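Step one of this worksheet: look at the structure below.
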Amino acid sequence: MASSSNSPCAACKFLRRKCQPECVFAPYFPPDQPQKFANVHKVFGASNVTKLLNELQPHQREDAVNSLAYEADMRLRDPVYGCVGVISLLQHQLRQLQIDLSCAKSELSKYQNLGITGHGIIAAANAANHHHQQNLGINLIGGGVGSRDHPFHHQFFPSNQQQVIRSFDGGNAYDAGNLLAMNVSASIGQLSQFQQSKATGAADGMRTPVEPS
Amino acid sequence: MKSHRELCSGSSCAACKLLKRRCTPTCQFAPYFQSDESNKFAKVHKVFGASNVSKILNEVPQEQREDAVNSLVYEADVRLSDPVYGCIGVIASLQKKIVELQHDLILSRARLAYYVDQTVLFLDDGANMCPVIDMVEPFNGKDCFSFDQFTQYPFP
């Protein structure tokens, strides 16, 4: 966190005002990061940020500023969807994974229920033949068992084991937004420092909010 | 989304009501904030401010403005529910769940591959129909069709 003792913070520089010792922005907007405040100011406005920070405990303010900076950055990159585009994409990926996992567990239960007996093996193999169309979830994870050249393996695991599902609707104007969202999501990486139980409640309570037209 | 004419026939839009100004036929907010949606605009105004919303809408093509407003409303709603992390908290939570599910999927596929391998190894050996027992236990020469050994080896 920056000190306002010598040079004005990025916020006061931007707002062209004297940076007071008790400046609320100074600890979070150091003078060497002017773009951070510029983005936050453009999207949220200085007065709204001040009100928000004043409502929080001091130990929460740094995380709040950083999350506002991320959101502002995403909104400026994607003025239509902002970070909501990333959320929508992740929810879609999550639903797909749930489907894939459900399929895999369903196939697994057939083997487990039948047991590895003579009749069981043949029955399981027949079941596999009849259900070879099911995608057992290679899609988001490359690799797999390995490319054994056996019909059963082909039936369970597609030959293209590096297939990555792009769950975008073809021809949808959202495609560019999705690619952008993925790039942004990748750049954010694992936001482990922002993980918290409250967010779990928020995520569960809010399904896909914006369906791209 | 109502047309300007429908909205301006009687009442102001929610934005102009909150901002206490006259709602003109060219009001930018009117198509997206109906007069009975005061709470919707209040949230957006509290988080972003009316002027910032106006600037964002001006940068967006007309046909995408409704989506832009809806995403701003969602973002504002989440930020008011979680003032510290907002949508970033939602993203972090989703990423965590995705990693957990990917892990579960890898485990499930590995277990499935084990059973498939056992099936393949058994059916592959068409000559004498004896299972390939180096995967389970040494063949004792007693009974080619003793399948009991398989039931003794659940997936570890």
How long are the semi-axes of the ellipsoid equivalent to the range A:1-111, from square roots of 5 times the Cα gyration tensor eigenvalues, in whole Å, largest first? 42, 15, 11
The lysines whose Cα lies under 24 Å from the Cα of A:K105, excluding any fewer than 8 residues away in the same chain, are B:K96, B:K97
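I need the shape label for the range A:4-56. Rule: rounded when a/c is under 1.5, else prolate if a/b > b/c, else oblate, with a, b, c from the alpha carbon gyration tensor.
oblate
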What FRET efficiency comes out for the pair A:L15/A:I99, r = Cβ-Cβ distance, R0 = 51 Å, nearest 0.05? 0.55
The percentage of Cα-Cα pairs in the range B:4-82 separated by more than 19 Å is 31 percent
Label B:H103 and A:E62 with points 7 Å out from Cα along Cα→Cβ: what is the distance between them in nm? 2.7 nm
Do the alpha carbons of any pairs in A:K18/A:K42; A:K18/B:K17; A:K13/B:K20 sit beyond 31 Å of each other, and which pairs? A:K18/B:K17; A:K13/B:K20
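Here, each number is a calculation from the coordinates, and none is a lab measurement. In this text, all values refer to a predicted model and were calculated from it rather than measured experimentally. Because the Cβ atoms are built from the backbone with ideal geometry, glycine has one as well, and the counts that use them run over all protein chains shown.
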